[in-house]
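Student: This is the structure, below, for whatever I ask next.
The values are calculated or read from the model by the stated rules, or taken from the named source; none is laboratory data. Predicted, not measured: the structure shown is a model, and the values here were computed from it. Glycine gets a Cβ as well: all are built from the backbone with ideal geometry, and neighbour counts include every protein chain shown. In case anyone asks, the SASA skips ligands and DNA or RNA and just uses the protein heavy atoms, side chains included. Shrake-Rupley method; radii C 1.70, N 1.55, O 1.52, S 1.80 Å.
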Amino acid sequence: NNLLQVFQSLGVRELLKCAQVCRSWRAIAQVSSLWTEVTLKIHTFDVIKNMIRILLVFFFVKGQCRNLQELDLSECSHLNDENMKLILEGCRSLLHLNLAFTHITNATIRVLSRYKLMFLTSLAYCTSFSDKGLQYLSTGKGCHRLTYLDLSGCSQISVDGFTYVAEACSTLQQIVLDNLPTLTDICVQVLVSKCRMLTAISLLDSPYLSDVAFKTMAEVISLTKIQIEGNNRMTDSSLKALCRSSLKLSEVQMSDCTRMTDASLKSLGSLTKLCNLNISGCIKVTDIGIHYIIEGASAVKLRELDLSYCPKLTDLSLKRITQKCSKLTHLSVCFCENLTDNGFECLDNCASLVSLDITGCKIHDKGLAALGTNHSLRKLTASECVFITDNGIKMFCQKCNRLELLDVCQCVCLSDRAIKALSFFCRTIATVRIAGCPKLTDTAVKYLTRVGHFLKELDVSDCPLLTDRTPSFLLCSCPQLRSISMLYCKNISKQAALKLQHRVQHWKHSNDDAPYSQD
């Protein structure tokens, strides 16, 4: 019993290693209660092959995974159809399956069609199967209960393939079709003609869809979530139609949709359940459009708002947001070039604001100091805010002392004094990103070790003055560190950097020159 409790705290890799120690440990490792969910995220080819072999021998083939319901094999490059067949035969209760970035072919999909999966979590970027494979879904007895499907990056699928999906999976509720430059209006039309239960659809980077596709969607399905990105054919009339038919829309992303205007925001303003809105890169949107949202029925429900790369917005929009969006927790205004310190000073009234991204904005020390008076703020991303100085960071940290994340990458005026203030006032800081700050030295990292017990992520890439003392400080004083990036650090040797590798989950280091020049 004591060993079983210990084994319950182990991951997949550790369990498989324990299974090879002795017979008694193998028996414990095969207890079905330990195998309700399996995720394999390993990138070394030899390790992948060994892991799959061990899994097949000890668990799947011997039927020890009868109760396994969720299996993630994404990015397992050596997974093949033969292994997949054995795995599926040993996992009769499987409901969730992720095969993203694998080389499975039509043969695997043919086997899948026999099983009653509810969530084919992902076939994303699996480019070795064809329309014929999807036809198996419509002819087989399984997969007719699928409610979630991800086909992102599968540009080999034609209209015929989407027709097969529609015929086989009429119960689909969520579908992800990202990064499909070959996706056409007809593909969407045949899909939604049969999949009338769809409530969420993602169409990121599908540039050739037009109003025809979106208006067809509005005619036959009612959505709660839609994501669109990088589309310059969609017009305001599409949003008008979607908002009329999908009154329960709560999450809307239409980033980099360059033809969208304030008229689209007027349509969105009519929604009563909107809580997440992303209009980043909609360059025609003005303060008038934000006014429609703020005066709409969902203003008090909005929790996440992304207005990045909307160059026509001014401080007036920030003022209106602070007045009406009382539950806003996440706000992004990256590279909104007309925002000033006056606008940022208004944000101290956003009592629920937890995360703020002001990357590339023209904020000065005055505006940064004002942000510090917002005591709910936990995460600030202020990279490329080149007017911020050590004094601004000090004034901000003095007031915002419960900060958990600070990103000041490419803030070229900052020196060790800024990091000294951060480490002194913000004792629970967990994530610090200071890449591209050329004045920082090992002393800055030494200051951070004062809060080393909480520090989990650190990025010091392209800080040319750092030396081997930096990894030494981190090794001694940061037991919780999980991620370290030291790219383009010419004075940190490979030998010193490697000492940290076994201590963290994510490790990056190089002595190369940065791909850009520092001003």
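Student: Which one of Arg417, Arg469 is within 26 Å of Lys399 (Cα to Cα) and touching a residue at least 24 places away in the same chain (Cβ under 8 Å)?
Tutor: Arg417
Student: Restricting the search to the range 208-254, which residues are among the basic types (Lys, Arg) and under 27 Å from the mean Cα position of the chain (by Cα)?
Tutor: Hits for the range 208-254 are Lys225, Arg233, Lys248.
Student: Hey, another quick one. Quick check on the range 138-152. Is at least one of its residues open to solvent by less than 10 Å² (accessible area, probe 1.4 Å) and out of contact with any Leu (no Cβ under 7 Å at 6 or more places or on another chain)?
Tutor: Checked the range 138-152: no residue is open to solvent by less than 10 Å² (accessible area, probe 1.4 Å) and out of contact with any Leu (no Cβ under 7 Å at 6 or more places or on another chain).
Student: Do you know which residues across the range 318-335 are in a loop (DSSP other than H, G, I, E, B) and among the polar types (S, T, N, Q)?
Tutor: Scanning the range 318-335 gives Ser326, Thr329.
Student: Among the residues of the range 371-406, count how many are part of a helix (DSSP H, G or I) and within 22 Å of Ser308 (Cα to Cα).
Tutor: Of the residues in the range 371-406, 1 are part of a helix (DSSP H, G or I) and within 22 Å of Ser308 (Cα to Cα).
Student: Does the range 238-246 contain any residue that is modelled with pLDDT of 95 or more, open to solvent by less than 10 Å² (accessible area, probe 1.4 Å), touching a Cys at 6+ places or on another chain (Cβ under 8 Å) and not small (Gly, Ala, Ser)?
Tutor: Among the residues of the range 238-246, not one is modelled with pLDDT of 95 or more, open to solvent by less than 10 Å² (accessible area, probe 1.4 Å), touching a Cys at 6+ places or on another chain (Cβ under 8 Å) and not small (Gly, Ala, Ser), which makes the answer no.
Student: Restricting to the range 157-176, name every residue that is open to solvent by 10 Å² or more (accessible area, probe 1.4 Å) and out of contact with any helix residue (DSSP H, G or I) (no Cβ under 7 Å at 6 or more places or on another chain).
Tutor: Passing the criteria: Thr171, Gln173, Gln174, Val176.
Student: Across the range 114-135, what is the total count of residues that are of a type in the set (Ser, Thr, Tyr), open to solvent by less than 40 Å² (accessible area, probe 1.4 Å) and either modelled with pLDDT of 85 or more or at positive phi (or both)?
Tutor: Summing the residues that are of a type in the set (Ser, Thr, Tyr), open to solvent by less than 40 Å² (accessible area, probe 1.4 Å) and either modelled with pLDDT of 85 or more or at positive phi (or both) in the range 114-135 gives 1.
Student: For the range 410-428, what are the residues that are part of a loop (DSSP other than H, G, I, E, B) and either touching a Leu at 6+ places or on another chain (Cβ under 6 Å) or surrounded by fewer than 21 Cβ atoms within 10 Å (Cβ to Cβ) (or both)?
Tutor: Once the filter is applied, which keeps residues that are part of a loop (DSSP other than H, G, I, E, B) and either touching a Leu at 6+ places or on another chain (Cβ under 6 Å) or surrounded by fewer than 21 Cβ atoms within 10 Å (Cβ to Cβ) (or both), the range 410-428 yields Val412, Cys413, Ser415, Cys426, Arg427, Thr428.
Student: If Gly289 satisfies all but one of (1) open to solvent by 10 Å² or more (accessible area, probe 1.4 Å); (2) over 23 Å from Asp178 (Cβ atoms); (3) not in a loop (DSSP other than H, G, I, E, B), what's the number of the condition it fails?
Tutor: Against the list (1) open to solvent by 10 Å² or more (accessible area, probe 1.4 Å); (2) over 23 Å from Asp178 (Cβ atoms); (3) not in a loop (DSSP other than H, G, I, E, B), Gly289 comes up short only on (1).
Student: Is at least one residue of the range 383-401 touching a strand residue (DSSP E or B) at 6+ places or on another chain (Cβ under 6 Å) and either under 19 Å from Leu328 (Cα atoms) or of a type in the set (D, E, K, R) (or both)?
Tutor: No: zero hits.
Student: When the range 215-232 is examined, which residues are found to be open to solvent by 10 Å² or more (accessible area, probe 1.4 Å) and part of a helix (DSSP H, G or I)?
Tutor: Matches in the range 215-232: Lys215, Thr216, Ala218, Glu219, Val220.
Student: Residues to consider are Arg402, Arg433; find the one that is of a type in the set (Lys, Arg) and in contact (Cβ under 8 Å) with a residue 40 or more places away in the chain.
Tutor: Among Arg402, Arg433, only Arg433 is of a type in the set (Lys, Arg) and in contact (Cβ under 8 Å) with a residue 40 or more places away in the chain.
Student: Additional query: Which condition from (1) more than 19 Å from Asp205 (Cα to Cα); (2) buried (at least 21 other Cβ atoms within 10 Å of the Cβ) is the one that Leu277 breaks?
Tutor: Only one criterion is unmet by Leu277, namely (1).
Student: Within the range 435-519, which strands (runs of 3 or more DSSP E) (wholly inside it) include 1 or more residues that are more than 16 Å from Val408 (Cα to Cα) and open to solvent by 40 Å² or more (accessible area, probe 1.4 Å)?
Tutor: The strands (runs of 3 or more DSSP E) meeting that bar are 506-509.
Student: Cβ-Cβ under 8 Å, sequence separation 6+ or interchain: first residue in the range 142-168 and farther than 15 Å from Cys187 by Cα, partner of a type in the set (Phe, Trp, Tyr) and open to solvent by less than 40 Å² (accessible area, probe 1.4 Å). Which pairs?
Tutor: Gly142/Tyr115; Cys143/Tyr115
Student: Let me ask something else about it. Among (1) modelled with pLDDT of 95 or more; (2) more than 16 Å from Ala263 (Cβ to Cβ); (3) assigned to a loop (DSSP other than H, G, I, E, B), where does Val192 come up short?
Tutor: Of everything listed in (1) modelled with pLDDT of 95 or more; (2) more than 16 Å from Ala263 (Cβ to Cβ); (3) assigned to a loop (DSSP other than H, G, I, E, B), Val192 misses just condition (3).
Student: Would you tally the residues in the range 247-274 being open to solvent by less than 40 Å² (accessible area, probe 1.4 Å) and among the acidic types (Asp, Glu)?
Tutor: Count: 1.
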